[in-house]
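A short write-up of the structure that comes next.
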Amino acid sequence: MKVVAFTGFVATVWLANWALDTYGFVSVGFGLTAPAGVYFAGAAFSLRDWLHELAGKKPVILAILIGGTLSWFIEPAFAFASATAFLASETADFLIYTPLRERNRYGAIALSNTVGAIVDSAIFLWLAFDSLDGMTGLVVGKTWITLATVLLVAVVRRTRVTATR
């Protein structure tokens, strides 16, 4: 499972940059737009939490660096902005998710992903585009994916618990 979480996280970092380079800005609903990588970046936050649970902080940081390095071949500016933003949001995640996860795992995921989405979005947009245009769209898009992921994790866990009874 560690390899799956690690590989999935690296892939979402790379895919977020690939999608932005390929599709530019896309609709996220409510008349808002965001860089196309928003959907992969949103999934990355939940994969980050899963990897953190399975393997700890160091593999998470390594995955960010590998994803950023691979993204360099797509677009260096996006790779730098992405890796820096993911590392900053990861720092916020360590401060929020780690202490809360034992009391309320789903609450910890939701809160850390929300804060991570804001931190990641602001830093990414500023470094990649020298602007915060699209900030609301990025946060909304990442929130959609975070909610879907938390729901999926809850359903899978409940199904696994029910199946083992």
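Throughout, read-outs are computed from the coordinates displayed, never taken from laboratory work. Here the structure is a predicted model, which means the values were calculated and not measured. Using ideal geometry, Cβ is built from the backbone for each residue, glycine included, and neighbour counts are taken over all protein chains shown.
Got the relative contact order for the chain handy, in percent, Cα pairs under 8 Å and 6 or more residues apart?
Values: 224 pairs, mean separation 43.2, N = 165.
Value for the chain: 26 percent.
Our coupling estimate for region 49-59, obtained by passing each phi through the Karplus curve with A = 6.51, B = -1.76, C = 1.60 and θ = phi - 60°, is 4, 5, 4, 4, 4, 6, 10, x, 6, 4, x Hz, Gly and Pro reported as x. Once the chain from R157 to S27 is taken as fully extended at 0.36 nm per residue, the excess over their C-alpha distance is 43.7 nm. Counting 0.36 nm for each residue step from L65 to L95 and taking away their Cα separation leaves a gain of 8.8 nm.
If a spin label sat at a point 7 angstrom from the Cα of D133 along the line to its beta carbon, the backbone N atoms of region 1-35 nearer than 16 Å would be those of 24-27, 32-35.
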